[in-house]
Structure formats: C-alpha cells, structure tokens
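Student: Can you read through this structure? Questions will come right after.
The values are calculated or read from the model by the stated rules, or taken from the named source; none is laboratory data. Bear in mind the structure is a predicted one, so any value in this text is a computation, not a measurement. All Cβ positions, glycine included, derive from the backbone under ideal geometry; neighbour counts span all protein chains shown.
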Amino acid sequence: MTERFDAVVIGAGIIGTSIAFSMSKAGWRVLVVDPLAGSGQGATSSSVAMVRTQYSTLEGSALAWEGFHCWQDWSGFLDLESDEPVAPFHPAGVLTFKTANNGFLEHQLGFSRQLGIPFEFWSVARLQSLFPSWDLSSFGPPVISDDADFGARSDAELETVFFPKGGYCPDPQLAAHNLQRAAEQHGARFRFGEAVTGIDKKDGHVSAVTLSGGEQISCRVAVNAAGPHGQNINALADPDGKQRIRTRVVRHEVAHLRCADAATSDASRIMLYDTDIGGYIRTDTGDSILAGSLGARGEVELAADPDDFDRNLSPQSIEPLYRLAQRIPTLGIPNTLSGVADLWDVSDDWIPIYDCTDVAGFYMAIGTSGNQFKTAPVVGELMTALISACEQGTDHDQDPISFRLQRTGHEINLGFFSRNREPNPASSLSVLG
C-alpha cells in the first residue's frame, strides 16, 4: 500500500464531489476515485439540474429548501480562493398545478408552510397574461398518445401554485468540477481513469480499497457515491448485504427543441412541473427548452446496464412532447428529435439512501438520480455528519442521527433515508421524489 487516506469516496459526480468537499473541510484526508476522465462526466453531466422545493415528504422538502440556499450563492458556498469560473445559477420560479396526481398539493403546501418556503396562488387571468397561447384546460390524468383518453378535457379547472424560490444550473458538470476544486483546496485528492475493484476489511471494518490498476489504498472509510454503479460497489463490500431498499438503473430521456411560447410575456424565468400532462420543462438557450416526462399511464420504465446502454433517444421520448402540445398548442414537434439519454439510479421508493451499512466504515449515498441534484451541496454535509458520528461510535441503526440544516434552522432525522426503511407510501414514486 503506497498511500493512506481517512476516506475514499467512490464516484466523482455531483454527490461524490460534494461529500469530498464537506469531509475535507471537516479535516478528513479524502481521496475520490472515478473511472471517467474528470468530475461530473457521468450521469451528472446530463442532469437538467432544476432546483425546486416541493417534495412529497417533509424531509425531502427541508433538504431541497436548504439546498436552494446553497445554489443561490454558489460562489459563497464554494469559497474558492482562485478566480476560475463557477457554474452559473439562474433563479427561476416553479409553476405547478393542483391535480389528483399530486394530492392537490395538500402535503407539499403544508410542508412549505411548516418550513417557511414561500408560495403563491395564481389566478387564471394572471397565468393567461404570462402565457397567452397556453391551453389551461385539464387533460389529466396523463396518458400516452395512443391511449383512448389522450387529449380528452375534463370539467376540472386547474388551480395554479407558484413557488418563487427555485432555479437551475445550466452547467452541472462545471458545478461538480467546482466542488472538486473546493475539495482540493482543503486537501482532497482525485484519481481519474481508475475504478474501485475491491473493498478490503479487517476485523469487520473497511481497511483498504483496490483500484483497477492493482494498487491498494489504505483507508478506514469508503463512501459509495457511484450512482448507476452503486449496487455493484455495494457487492464489493458486502456481497450478501441486507438492505430492504434497493436501487435500480433506468434510462431517462430529455428532449431539446425550440418553443418560443414556453417563455413568459414579461421575460421572467419560470419552470413548469405539470402533473396534469405529466411533463416538465425549463428554458435552455435562446428559444429552446428542455422537456421531459413526469410519468404517464402506459409509459414504460426503461431498464439499463450502466456499462452498456443506448444513448440514442427512444421512440418513447416524443411522448412528453405530445402531452406538452396539449398545454402549448403552438408547439412544433420536429420530425427528428434531439436531446439526451442517460442513466438514473433510483431507489424502490425514489427516495435516496444516505446511510451506514452492516460493514463498519462503509457508507452509501445512492439512489439519488433524478431528484437530488438540487440537494447535493447539503448531502455532503449530511453524509459528513453521519459518517463522523458513526465512526465515533454512534449506532445509527438503533439511534438515528438528527441533522441540523444550518441555513434554514430545521432538523431532520437521518433515519428517514435508511437502507432498511419500509418503502415510503408518501413518495410520489416518480422523479418528483
């Protein structure tokens, strides 16, 4: 063994780099290992990177609200000593509707009141003034285009809720690179182009990791932040590991197209989460938008092998555009779609796993894709608190750690993210979290 570190973080996406930043700030000697050529080059690079606060659980909402405070002052959060560019953050409110699919936002609005997250009820007149070409009929529940109910309007009137505190990061890969630089500023090291192929234990505790080149790195903590490869990394540490909540790998697709009428009449930035049609959009460059699916009846989950998957858009990628054309009738759907197909690692209930494991010194931050980019800055702090407590003797499984969100002042019980929880019935069971 040539080097010794306190902790090896496996994966240099937005979650892994955030964990490295927080742990190194807390005095840990950290090494991050990733098989790709640089930070954020995996699934992070394809994130739509939308920051919103409405989740189906109190803990998810609290974590997202704390995350928003980090993103809105990204430079201050990083506190980089160099003058290299940092990822921009564009403030943008989130527009959504009360629908049966989201329980008419009863829980989300209750959590927002409890956490101090601002929201507004908008009249139809205000919405029409901002989006004069939109059809504000109710089409839900969302279905695919060959369903007999597709395009059918109901008599229900959409009730609009606007969350002004949100936004998006147009360069998620740069954001991960920023976190790498911030971590390096505190002594963290990064090894790219190498994979972790073994996790060694001594007396039941992590003692080293083995890299694909054969080198062994001595450490007392290993953190699995490997995203779509998360379950493979788990198998290295504990082939027979017991965890009630598992993760799986799915392909997600986001279309890129022009749609001038997605913009507001007053040039304000607004992102749409429309559970009535089962889709979301955010502004990209110029008149272009990014559009994806929130799920619809008849839509099929696309399983994938993280080492061998198709990066071309599937025929299903056009479905959210058909549904979006109900809301924006002037939308022109191109004959050939462009966009991104990449991977998410999602848990059984679409709530992430931030936890210790049955192997002392081995920790997980997985099941994060699709809805945790916005929380990533806080996840680093959360995992640092959890790891530090466990390494000092706390039995997190029996006595779950309470974590204080320093910017908003709220506390959450980290047992909520346990690997051994029952699947959460409150979850949306979708990318909404």
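Student: Which is among the hydroxyl-bearing types (Ser, Thr, Tyr) and either surrounded by fewer than 20 Cβ atoms within 10 Å (Cβ to Cβ) or in contact (Cβ under 8 Å) with a residue 60 or more places away in the chain (or both), of SER112, SER75?
Tutor: SER75
Student: Go through the stretch 390-412 residue by residue and tally those that are in contact with a helix residue (DSSP H, G or I) (Cβ under 7 Å, 6 or more places away or on another chain), touching a residue at least 40 places away in the same chain (Cβ under 8 Å) and not in a loop (DSSP other than H, G, I, E, B).
Tutor: The qualifying residues number 1.
Student: Give the residue, chosen from THR384, THR357, that is in the same structural domain as ASN232 (by TED's automatic domain parsing), within 25 Å of THR247 (Cβ to Cβ) and out of contact with any strand residue (DSSP E or B) (no Cβ under 7 Å at 6 or more places or on another chain).
Tutor: THR384
Student: Moving to a separate point now. List every residue pair whose Cβ atoms lie under 8 Å apart, where the two residues are 6 or more positions apart in sequence or sit on different chains, the first residue falls within the stretch 158-175 and is on the phi > 0 side of the Ramachandran plot, and the second residue, located anywhere, is of a type outside the set (A, V, I, L, M) and in a strand (DSSP E or B).
Tutor: GLY167/HIS90; GLY167/PRO91
Student: Go through the stretch 337-387 and count every residue that is among the hydrophobic types (A, V, I, L, M, F, W, C), outside any helix (DSSP H, G or I) and out of contact with any Leu (no Cβ under 6 Å at 6 or more places or on another chain).
Tutor: Count: 13.
Student: Just to check your reading of the model, which residue among ASP135, ASP83, ASP146, ASP171 is at pLDDT 95 or above and within 27 Å of ILE19 (Cβ to Cβ)?
Tutor: ASP171
Student: Would you be able to say whether some residue in the stretch 402-421 is within 23 Å of HIS229 (Cα to Cα), crowded, with 18+ Cβ neighbours inside 10 Å and touching a Cys at 6+ places or on another chain (Cβ under 7 Å)?
Tutor: For the stretch 402-421, residues within 23 Å of HIS229 (Cα to Cα), crowded, with 18+ Cβ neighbours inside 10 Å and touching a Cys at 6+ places or on another chain (Cβ under 7 Å): absent.
Student: Which condition from (1) touching a strand residue (DSSP E or B) at 6+ places or on another chain (Cβ under 7 Å); (2) assigned by TED's automatic domain parsing to the domain that holds ALA341; (3) outside any loop (DSSP other than H, G, I, E, B); (4) not hydrophobic (A, V, I, L, M, F, W, C) is the one that ASN234 breaks?
Tutor: Unmet for ASN234, out of (1) touching a strand residue (DSSP E or B) at 6+ places or on another chain (Cβ under 7 Å); (2) assigned by TED's automatic domain parsing to the domain that holds ALA341; (3) outside any loop (DSSP other than H, G, I, E, B); (4) not hydrophobic (A, V, I, L, M, F, W, C): (2).
Student: Does the stretch 238-247 contain at least one residue that is of a type in the set (A, V, I, L, M, F, W, C), within 24 Å of the chain's Cα centre (by Cα) and surrounded by 17 or more Cβ atoms within 10 Å (Cβ to Cβ)?
Tutor: yes
Student: Count, please, the residues in the stretch 146-188 that happen to be over 28 Å from the mean Cα position of the chain (by Cα) and surrounded by fewer than 18 Cβ atoms within 10 Å (Cβ to Cβ).
Tutor: 11
Student: Given the structure, is VAL9 surrounded by 24 or more Cβ atoms within 10 Å (Cβ to Cβ), in contact with a Lys or Arg (Cβ under 9 Å, 6 or more places away or on another chain) and either of a type in the set (Gly, Ala, Ser) or not in a loop (DSSP other than H, G, I, E, B) (or both)?
Tutor: Considered against the rule, which asks whether it is surrounded by 24 or more Cβ atoms within 10 Å (Cβ to Cβ), in contact with a Lys or Arg (Cβ under 9 Å, 6 or more places away or on another chain) and either of a type in the set (Gly, Ala, Ser) or not in a loop (DSSP other than H, G, I, E, B) (or both), VAL9 comes out as no.
Student: Looking at the stretch 191-203, is at least one residue part of a strand (DSSP E or B), over 28 Å from ASP348 (Cα atoms) and under 27 Å from the mean Cα position of the chain (by Cα)?
Tutor: yes
Student: Ok, one more. So, of the residues in the stretch 35-47 that are assigned to a loop (DSSP other than H, G, I, E, B) and in contact with a helix residue (DSSP H, G or I) (Cβ under 8 Å, 6 or more places away or on another chain), which turns out to be surrounded by the most Cβ atoms within 10 Å (Cβ to Cβ)?
Tutor: SER39
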